[in-house]
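**Q** Let me give you the structure first, and then I'll get to my questions.
We did not get these values from a lab; they are worked out from the coordinates using the rules stated. This one's a predicted model, so the numbers in the text were calculated from it and none came from an experiment. Glycine gets a Cβ as well: all are built from the backbone with ideal geometry, and neighbour counts include every protein chain shown.
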Amino acid sequence: MERFEGRAAIVTGAASGIGRATLIRLVAEGAQALAVDLSEDALELATVAANQAAGSGGTAVAHPADISDEAAVAATVSGAVERFGRLDALCNIAGIMRTAHTHDHPLDVWEEVLRVNLTGTFLMCRAALPHLLESRGAIVNCSSTSATFGHPWMAAYAASKGGVAALTSTLAVEYAKAGLRVNAIAPGSVETGITQAITFPEGIDASLFPRIMSPIGPGRPESVASVVAMLASEDGAHLNGATVRIDGGTHA
Ligand SMILES: NC(=O)c1ccc[n+]([C@@H]2O[C@H](COP(=O)([O-])OP(=O)(O)OC[C@H]3O[C@@H](n4cnc5c(N)ncnc54)[C@H](O)[C@@H]3O)[C@@H](O)[C@H]2O)c1
């Protein structure tokens, strides 16, 4: 499939996990993609992998940047448009997770999670909107099942992801008649950097763990990236304002 031939995309969080798999998938399907992440070395490697897998016209360009920095976001979006001459898809995948008992959740950690996951997604959407309205393109944001299903010890993370889902449906209606589509994915447990690095606070009640476990085990980043690609492509033409749960049946 070459669903993105002649199309330009930005993928955030492209150095690792779901963002990396999304970058590779889009470029394999012909996208010209700006790959954005904080982690420069891993981003370079992801870009090389995407270019090795590139389909007709596909190319990946590394652009290290912090999505929670307003000026860096503006430079990222204008850089993509200058380089590719257009912007058709914005895949906001970058995110961080922190865990804590909510009764002693540090405020600075709360603010860090909200700033990256929610404000960062907003900043990227705001900067990209004029270009996506011109191309009648698509945004795919990254929520989480934690936004809806009560995952313990993840208050800031869940709140940020609930915010992303709300932002998604708001933009979907606000710009629907202008031809833009805005959807989100809500993954459950996926084998990535976030899940490898996760630690839980002392004294948790392990009997609550089944809430966040899939009956068929954790997903692969590629199985999530394929849904992102569908939402960003013409195959998702009648999907707008949806938050698509991808959790192997955890919350079915
Ligand atoms: N892995 C899961 O189980 C799971 C479940 C639900 C949702 N998610 C979401 O999926 C998205 C991707 O995460 P992942 O699981 O692939 O983890 P990951 O850690 O492998 O990838 C996240 C990437 O985001 C980048 N990033 C973090 N802060 C950034 C910033 N300020 N600016 C630019 N880049 C930044 C990181 O450097 C990293 O490369 C996240 O939004 C995460 O919340 C993951």
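**Q** What number, rounded to the nearest 500 deg cm²/dmol, is the helix-based mean residue ellipticity at 222 nm of the chain, given -39500 (n - 2.57) per DSSP H run of at least four residues and division by all its residues? List each step's numbers first, then the result.
**A** Numbers: 9 runs with 104 residues, N = 252.
Helix contribution divided over all residues of the chain: -12500 deg cm²/dmol.
**Q** Additional query: With the cut-off at 1.5 for a/c, could you classify the stretch 41-91 from its C-alpha gyration tensor as rounded, prolate or oblate?
**A** oblate
**Q** Mind putting a number on the dipole of the chain about its Cα centre? Charges go on the C-beta only, +1 for Lys and Arg and -1 for Asp and Glu, and I need it in Debye to the nearest 20.
**A** Using Cβ point charges on Lys, Arg, Asp and Glu, the chain gives about 700 debye.
**Q** For Arg181, Arg115, what's the fewest-to-most ordering of other Cβ within 10 Å of each Cβ?
**A** Ascending Cβ contact count within 10 Å gives the list Arg115, Arg181.
**Q** Report, as a whole number in µm² per second, the diffusion coefficient that Stokes-Einstein gives for the stretch 23-122 at 10 °C and 1.306 mPa s using the Kirkwood radius over alpha carbon pairs. Don't jump to the answer; show the numbers that get you there.
**A** Details: Rh = 14.8 Å.
Answer from the Stokes-Einstein relation: 107 µm²/s.
**Q** Take every Cα pair under 8 Å in the chain that's 6+ residues apart, average their separations, divide by the length, and report that relative contact order as a whole percent.
**A** Dividing the mean separation by the residue count of the chain yields 20 percent.
**Q** Relative to 2.2 N^0.38 Å, what does the C-alpha radius of gyration of the chain come to as a ratio? Two decimals please.
**A** Its radius of gyration relative to the 2.2 N^0.38 Å reference: 0.96.
**Q** What does the highest-first list of 78-84, 213-219 look like by mean Cβ count within 10 Å?
**A** 78-84, 213-219
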